[in-house]
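The values are calculated or read from the model by the stated rules, or taken from the named source; none is laboratory data. Small disclaimer: the values here were computed from a predicted structure and weren't measured. Note that each Cβ is placed from the backbone with ideal geometry, even for glycine, and that neighbours are counted across all protein chains shown. Ligands, DNA and RNA are excluded from the accessible area calculation, which covers all protein heavy atoms including side chains. Shrake-Rupley method; radii C 1.70, N 1.55, O 1.52, S 1.80 Å.
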Amino acid sequence: MSHSPSPRASSEKPPFHIIVLVGLMGAGKTTLGRQLAHYYGIPFIDTDAEIEKASRQSIAEIFSQHGEAHFRAGEHRVIRRLLKGGPCILATGGGAWMHPRTRALSHKRTDICTIWLHVPMPTLLKRLLHNRHNRPLLAQGDPEATLRRLAQERYPYYAEADLIIECGDESVEHATHTITTQLATATPPHHVPVTLAGHSYEVLTGPQLLHDAGLRIRPHLPNNRAVILTDSTVASLHLAALEESLTRAGIHFATITVPPGESSKSLKRFEDVIETILAQGIERGTTIIAFGGGVVGDLAGFVAASILRGVPFIQIPTTLLAQVDSSVGGKTGINAKAGKNLIGAFWQPNLVLADTTVLDTLPPRQLVAGYAEIVKSGLIADERLFAWCEQHGHAVLKGDPAALGEAVRRACLFKTGVVQDDERESAHSGGRALLNLGHTFAHAFEAEFHYDGRLLHGEAVSIGLHMALALSVKMGLAPQDDLARLDAHLHKLNMPVGKADLPHNLSTATLLAHMGRDKKLREGKVTFILLHGIGKAFTCRDVALEDVRALLLAEGFAP
């Protein structure tokens with residue numbers, strides 16, 4: 001990075017209380033940090049200098065006398081103290097961002113923005129090799145091998161930064177201008193960690209994630225190779241942006257495009273995709289990237305779970321329904337003649353990137369379909385979320401960016417909590433099964449329309465939510481006022497609520513037959529998710545089919 005005259009100090013206020021720079025040694029954190037501090041008129045703090053001041057030893061001496069573990073513990077304490085202070089530009093050591101509690105401190109606060117200064121490896125080596133003896137981790141052995149090892153270890157954590165800025169041999173002034181320009185309009189993503197017994201990953205939600213998808217994805221690719229699975233609708237709108245991002249990150253990839261819609265969740269399409277991938281050549285480290293809505297996510301996930309007995313998997317959901325529901329939690333599968341999602345596996349992703357900007361291209365029906373799942377989350381166990389929906393649902397369906405972003409964040413947080421408690425839906429009651437609220441009815445409706453697009457999954461769920469609460473009221477389990485509250489919200493937003501919102505009337509007998517083939521059947525009984533009220537869902541296996549039949553008839557369905 002060449003030096004030029006310092007950028008003039010600006011009257012512009014920093015857009016964040018604290019701006020944290022992360023990256024490998026030699027990335028320019030100190031140099032650029034000083035320039036940014038000068039530009040915004042706020043202090044610059046180098047954590048290494050603060051550590052040396054506090055310990056009265058050089059970094060090299062601390063490493064030599066006490067070891068790296070001792071240094072990292074002290075480094076975390078110093079950063080924790082600094083993040084409680086006033087506005088500043090904070091340059092961290094190359095390994096500081098590895099500490100999980102340090103990352104958590106930044107992720108929890110909206111007034112902190114973290115920036116990964118990503119520098120190509122040849123540029124880093126050129127900067128560092130002439131000054132290696134001042135770097136304890138490079139002082140011995142092969143510095144290039146050490147640096148590449150550090151990059152492999154640290155890049156997955158750097159990729160959790162709010163912004164990624166690519167820096168090379170441009171001038172300091174030019175790099176500073178790039179950073180300040182991006183900061184001026186930046187909306188940091190929300191970080192939702194998913195921590196399971198044998199696997200953890202992160203869900204990132206927010207705008208413009210597609211632009212840096214390659215750099216966020218690459219640290220999660222064992223062999224830097226990927227297969228994108230998408231559908232023709234998404235491909236026409238967004239594939240070029242994703243492919244360009246992967247290319248910039250140096251990722252080798254192939255793309256497979258399938259037709260849009262539920263017809264692609266079939267054994268035939270599954271077979272075609274598997275054979276195509278095998279014909280192209282695949283290794284265990286090759287990663288499947290699902291780039292589309294719920295259909296693509298389910299199909300790609302099942303392909304990833306099956307091919308070579310399991311390969312890595314990443315979700316980039318492009319519909320509201322997929323962002324708030326199907327991309328999180330690892331359920332994958334395809335449809336059978338007997339019913340929906342009857343063939344599948346649990347296969348957790350390594351990363352989920354939910355770019356809310358791509359929702360701008362969704363037709364209104366798709367927004368409605370996704371919003372139904374958000375309402376469902378509130379009905380299950382979060383009355384505050386349902387109340388938030390009542391206040392902001394109109395803005396969500398109008399495509400307001402702030403409302404959409406907050407809706408996705410809240411729904412992902414809710415689903416993550418459920419999945420962490422019951423990953424494989426094995427709890428005897430409650431647990432992950434509660435996420436099926438309304439689905440027993442919804443799947444029966446969908447089966448009658450043969451998944452041909454006349455009734456979207458989320459539209460069916462919207463009606464199913466009404467039916468589940470209506471059944472709960474009929475059985476004396478929930479208050480009538482809560483049903484009136486739900487129906488009022490759905491009607492206000494012109495959401496599907498009942499029989500009149502279906503393409504044509506359906507037979508009660510046929511719907512009951514579909515429910516009898518539902519995958520939630522246990523010991524010959526259909527499991528329903530019912531409610532004691534809004535935010536109070538529970539599992540019920542004692543529903544008399546006569547009550548269900550009576551409800552369907554009362555709702556106007558044909559005998």
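Summary of values
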item: Cα-based helix-to-principal-axis angle, 267-280 vs the chain, degrees rounded to 10; result: 20
item: Cross-link reach list, aspartates and glutamates versus Lys84, counting only Cα pairs under 17 Å and skipping chain neighbours closer than eight places; result: Asp46, Glu50, Glu75, Asp111
item: Karplus-derived 3J(HN,Hα), 6.51/-1.76/1.60, for each residue of the range 209-224, Hz, glycine and proline x; result: 6, 5, 4, 9, 4, x, 5, 6, 7, 3, x, 9, 9, x, 10, 6
item: Longest site-free stretch - the chain; sites: trypsin sites (Lys or Arg not before Pro), DSSP loop, at most 10 other Cβ within 10 Å; result: 109-336
item: On Cα atoms only, tilt of 383-397 relative to the major axis of the chain in degrees; result: 80
item: Accessible surface of Leu237 - all protein chains present, 1.4 Å probe, nearest 10 Å²; result: 100
item: Accessible area (Å², per residue) of the chain, counting only protein heavy atoms and a probe of 1.4 Å; result: 41
item: Accessible surface of the chain, 1.4 Å probe, proportion on carbon and sulfur as whole %; result: 52
item: Relative contact order %, the chain, counting alpha carbon pairs below 8 Å whose residues are six or more apart; result: 10
item: Cα-based helix-to-principal-axis angle, 439-448 vs the chain, degrees rounded to 10; result: 70
item: Val78 accessible area, 1.4 Å probe, all protein chains in place, Å² to nearest 10; result: 10
item: Theoretical FRET efficiency, 1/(1+(r/R0)^6), r = Cβ-Cβ of Glu275 and Arg454, R0 30 Å, to 0.05; result: 0.45
item: DSSP-defined beta bridges in the chain - what % are antiparallel, rounded to 5; result: 30
item: Most to least accessible of Thr187, Thr102 (protein chains only, probe 1.4 Å); result: Thr187, Thr102
item: Lysines whose Cα lies under 24 Å from that of Lys398, excluding same-chain neighbours fewer than 8 positions away; result: Lys376, Lys415, Lys492
item: DSSP bridge pairs, the range 214-346: antiparallel proportion in percent, nearest 5; result: 25
item: Proximal charge balance of Ala235 [Cβ under 14 Å; K/R count +1, D/E count -1]; result: -3
item: Label of the coordinate-derived value, percent of Cα pairs over 33 Å apart, listed as (i) 56; (ii) 40; (iii) 47; result: (iii)
item: Helix-only mean residue ellipticity at 222 nm for the chain, each DSSP H run of n ≥ 4 adding -39500 (n - 2.57), per residue, nearest 500; result: -13500 deg cm²/dmol
